[in-house]
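Just passing along the structure, written as structure tokens.
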Amino acid sequence: MDTRLTVIGTGYLGATHAICMAVLGYEVLGVDVDADKIDRLRSGELPFFEPGLPELLTKAIESGRLRFGTSFAAAAEFGDVHFICVGTPQQKGSDAADLSYVDAAVHALAPHLTRRALVVGKSTVPVGTAARLTELLRELAPAGPEVELAWNPEFLREGFAVDDTMRPNRLVFGVASEWARDRLHAAFRPIIDGGAPVVVTDLATAELVKVAANSFLATKISYINAMAEVCEATGADVQDLAAALAYDDRIGGRFLQPGLGFGGGCLPKDIRAFAHRAEEIGVGHAVAFLREVDAINGRRRARTVELVRELLGGDLAGFEVAVLGAAFKPNSDDIRDAPALEVARTMHGQGAKVRVYDPAAMPNAQRAYPELRYGANAFDVARDADAVVLLTEWAEFREIDPEAMGRVVRRRRIFDGRHALDADWWRAAGWEYRALGRA
């Protein structure tokens with residue numbers, strides 16, 4: 001293909017984008033300031049867990065269409081379209097997004113842009129960032145106004161990133177000219193030809209799409225968890241309530257799953273940054289509900305600890321507790337703002353002897369929380385446990401035979417933090433079963 005792509009930033013978003021676009025037939029150069037990360041990618045090693053992506057990395061490298069480097073001068077010379085895929089974490093001590101990595105990427109690339117090119121932001125940023133970066137590019141790039149900025153927000157779900165990149169449910173192009181729109185169409189031609197719908201809009205709207213989508217999703221998750229609080233107070237069953245609501249086509253059943261709530265590197269920081277930005281521009285009242293969405297989500301973690309303590313007779317101190325799950329969601333090794341680990345740490349702090357197992361996130365969890373104990377598998381951490389606590393809904397945990405696990409624990413008590421288990425099956429095997437929002 002004639003259009004050559006560079007990807008600035010080779011973390012989760014950038015590496016996934018670079019690999020998938022090379023597999024689709026583009027010449028791609030991935031660039032990062034982290035030389036160790038670049039060396040690992042060059043050798044075919046993916047620095048994070050994502051199903052299906054390691055095989056595509058090998059395929060892309062062997063094709064000769066994918067390469068990696070640390071030179072921004074080489075990137076400017078190589079690419080026609082430059083994707084900015086760096087992180088925008090939450091600022092320390094603030095709800096605002098940290099844009100230092102985005103700014104650094106533009107400052108590093110722009111002075112080398114001597115010909116017409118398109119710079120495309122994929123990072124999640126506060127609305128108004130694109131307008132500021134447009135001026136910065138014009139100021140720093142030798143090609144001046146011939147360098148344009150577009151915004152193409154990402155919608156990756158960890159565990160499904162390959163499908164979400166190669167077969168997305170929509171593409172959003174925020175552009176300021178027909179030329180930029182045409183460049184983006186050329187950069188996504190195989191995906192568009194495959195039927196992906198395209199929404200072409202202005203820069204500000206494109207910036208808002210990701211945070212608006214995440215805010216809506218977070219609200220739906222927190223709504224059913226708020227109903228779980230009501231159910232706990234009234235003796236109602238939140239699972240049955242969710243099932244009844246799901247039949248309403250206006251509501252639907254997706255993400256109407258009660259439980260421990262959301263975490264990870266996107267939803268929590270995105271809704272906080274969105275609320276912060278809205279307050280900055282004078283419309284904080286319009287999204288004030290997001291503060292309560294965040295609070296509801298946090299309360300589920302505290303309530304989980306309370307219910308485990310109740311399960312153990314009112315005190316955690318001295319009890320052996322097996323925790324199943326560390327990642328914030330299944331099919332991921334991401335432990336950023338992971339509810340499972342926050343609950344595990346809180347129980348440890350209250351005197352419980354906690355042992356944790358996760359199919360993918362063990363190395364990350366052990367580095368971040370060395371004070372916790374870890375095991376080789378689910379049955380290993382459950383041995384002689386006074387309670388088992390399921391906090392990440394991996395498929396292998398759903399498939400555990402309660403009778404088999406019952407033979408290794410000290411007491412058959414389980415807390416299902418994700419409503420992932422068949423309560424009747426576990427109770428029939430003699431387990432005391434508890435879950436958020438259920439009697």
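On the principal axes of its Cα set, how long, how wide and how thick is the range 78-219? Give whole Å, largest value first.
Extents along the principal axes: 45, 43, 24 Å.
Among Asp163, Asp384, Asp270, what is the fewest-to-most ranking by other Cβ atoms within 10 Å?
By the 10 Å Cβ count, ascending, the order reads Asp384, Asp163, Asp270.
Exceeding 30 Å between C-alpha atoms, which entries from my cross-link table qualify? They are Lys59/Lys92; Lys92/Lys210; Lys210/Lys353; Lys37/Lys122; Lys59/Lys220; Lys210/Lys329. Intermediate results must be reported in sequence, preceding the final value.
Working: Lys59/Lys92 39 Å; Lys92/Lys210 22 Å; Lys210/Lys353 40 Å; Lys37/Lys122 20 Å; Lys59/Lys220 39 Å; Lys210/Lys329 19 Å.
From Lys59/Lys92; Lys92/Lys210; Lys210/Lys353; Lys37/Lys122; Lys59/Lys220; Lys210/Lys329, over 30 Å: Lys59/Lys92; Lys210/Lys353; Lys59/Lys220.
Taking Rh as the Kirkwood radius computed over C-alpha pairs, what is the Stokes-Einstein D of the range 302-439 at 37 °C in a medium of viscosity 0.692 mPa s, expressed in µm² per second? Numbers along the way, then the final one.
On the way: Rh = 14.4 Å.
In µm²/s, the coefficient is 227.
Right, next: Against the longest principal axis of the chain, how steep is helix 100-109, in degrees 0 to 90 to the nearest 10, with axes from Cα atoms?
Rounded to the nearest ten degrees, it is 30.
For the range 173-287, just run the numbers: alpha carbon Rg, then divide by 2.2 N^0.38 Å, N being how many residues it has. Walk me through the intermediate numbers first.
Values: Rg = 18.9 Å, N = 115, 2.2 N^0.38 = 13.4 Å.
Its radius of gyration relative to the 2.2 N^0.38 Å reference: 1.41.
Restricting the count to DSSP beta bridges whose residues both fall in the chain, what percent are antiparallel, rounded to a multiple of 5?
5 percent
For a quick check, take a GNM of the chain with Cα springs below 10 Å and name the residue from Leu245, Leu13, Leu29 with the largest mean-square fluctuation.
Leu245
If you wrap a convex hull around the C-alpha atoms of the range 34-84 and split its volume per residue, what is the figure in Å³?
Taking the convex hull of the Cα positions in the range 34-84, it is 99 Å³ per residue.
Under the classification rounded if a/c is under 1.5, otherwise prolate if a/b is larger than b/c and oblate if not, where does the range 208-364 fall, given a ≥ b ≥ c as square roots of the Cα gyration tensor eigenvalues?
Prolate.
So, one more: Compute the helix-to-body angle for 12-23: its Cα long axis versus the longest principal axis of the chain, expressed 0 to 90° and rounded to tens.
Tilt relative to the chain: about 60 degrees.
Within a 10 angstrom radius of the beta carbon, how do Glu139, Glu396 rank from fewest other beta carbons to most?
Neighbour counts put them in this order, fewest first: Glu139, Glu396.
How about the range 158-207: which GluC sites (Glu not before Pro) there are in a DSSP loop, with at most 14 other Cβ atoms within 10 Å of their Cβ?
Qualifying residues, ordered by number: none.
For the chain, find the longest principal axis of its Cα atoms and tell me its angle to the long axis of helix 203-234, 0 to 90°, nearest 10.
With rounding to tens, the tilt is 10 degrees.
Each value in this text was obtained by applying a stated rule to the coordinates, not by laboratory testing. Just so you know, these numbers come straight off a predicted model, no measurement behind them. All Cβ positions, even for glycine, are placed from backbone atoms using ideal geometry, and neighbour counts span all protein chains on display.
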